[in-house]
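We did not get these values from a lab; they are worked out from the coordinates using the rules stated. As the structure is a computational prediction, the values presented were derived from the model and not from experiment. Because the Cβ atoms are built from the backbone with ideal geometry, glycine has one as well, and the counts that use them run over all protein chains shown.
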Amino acid sequence: MNAPATLIEPGTLKVERLLPGPMDRAWAYLTESKKRATWFAGGEFDLRVGGRIEMQFDHATLSSDKVAPEKHKGATHAKFKGAITRLEPGRLLAFTWDMGGMNSEVTFELQPRGKDVLLLVTHRRLEGREMTVMVASGWDVHTGILADVLNGVAPRPFWSTHGNLEKEYAAAL
């Protein structure tokens, strides 16, 4: 498995995904609600340290794969809140994510790679193996859909890809 998600320490995942540039376009897809909703979750981000964020998931709009498996039915229209903890406009955004009582932290970092952009997603304070596998699979497919969107191709199917990745990450992590 050539997976972009790796466990770098207990409870911390890092995901790497090469995206087509330029940097400002990739940044817009991380920070602007309508653009972020095409690959991850919509919702407003108050772009300042301490600013509130809201993420509104609608997985049925991400790809042709509309129906969630039974175990993920509750995630199809989930809403989450958090706060921005670090902000370096155009390059780095970190925020807390209250995932049903588990307060994790996500960092998006962009690094130039010629005409391309390396997106690094670090997700900290994940609790338990099952959550870690689910989050690794989620970031893998979400960032893959972002790459598809930025490359102008049809997004990969969300739920079937997620299901396959859960099996692979369960064996690898």
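Pull up all non-local amide H partners of THR85: gap of 5 or more, or a different chain, and H-to-H distance under 5 Å with H placed in the peptide plane.
Excluding prolines and chain starts, which carry no amide H, the hits are GLY50, ALA94, PHE95, THR96.
Quote the charge dipole size of the chain about the Cα centre in Debye, to the nearest 20; the model charges only the Cβ of Lys and Arg (+1) and of Asp and Glu (-1).
The calculation lands at about 200 debye.
Output the peptides 159-171, 128-140 sorted from most to least packed, where packing is the average of other Cβ atoms within 10 Å over each peptide's residues.
128-140, 159-171
Counting only residues 5 or more places away or on other chains, whose amide H sits under 5 Å from the amide H of ASP116 once H atoms are built in the peptide plane?
So ASP116 has HN proximity to GLY21.
Highest mean first, what order results for 14-22, 47-55 on Cβ atoms within 10 Å?
The most tightly packed comes first, giving 14-22, 47-55.
Defining a contact as two alpha carbons under 8 Å apart and six or more residues distant in sequence, what relative contact order in percent does the chain show?
For the chain, the relative contact order is 27 percent.
What are the ³J(HN,Hα) couplings of the stretch 135-145, residue after residue, when phi is run through the Karplus curve with 6.51, -1.76, 1.60 and θ = phi - 60°? Round to Hz, x for glycine and proline.
Values per residue, Gly and Pro as x: 5, 4, 5, x, 5, 4, 6, 4, 5, x, 5 Hz.
For log10 I(q)/I(0) by the Debye sum over Cα atoms at q = 0.12, 0.17, 0.20 Å⁻¹, one of (i) -0.62, -1.02, -1.31; (ii) -0.50, -1.10, -1.63; (iii) -0.56, -1.15, -1.57 was computed from the structure I shared and the rest are decoys. Which label?
(ii)
So how much slack lies between LEU173 and GLU54, counting 0.36 nm per residue of separation and subtracting their Cα-Cα distance, in nm?
Residue separation times 0.36 nm, minus the Cα-Cα distance, leaves 39.9 nm.
Expressed in nm to one decimal, what extension gain is obtained for the pair THR85 and ARG25 from 0.36 nm per residue of sequence separation less their Cα-Cα distance?
So the chain would gain 19.4 nm between THR85 and ARG25.
Per-residue HN-Hα couplings for the stretch 162-168, Karplus 6.51 cos²θ - 1.76 cosθ + 1.60 at θ = phi - 60°, whole Hz, x for Gly and Pro?
These are the phi-based 3J(HN,Hα) values: 4, x, 5, 5, 4, 5, 5 Hz.
Mind listing the long-range amide H neighbours of ALA78? Cut-off is under 5 Å, sequence gap 5 or more, other chains count too, H placed in the peptide plane at 1.01 Å from N.
Here the answer is PHE57, since their amide H atoms fall under 5 Å of that of ALA78.
Calculate one ³J(HN,Hα) per residue across the stretch 111-121 by plugging θ = phi - 60° into the Karplus curve 6.51 cos²θ - 1.76 cosθ + 1.60, and present them in order as whole Hz with x for glycine and proline.
10, x, 9, x, 7, 9, 9, 8, 9, 10, 10
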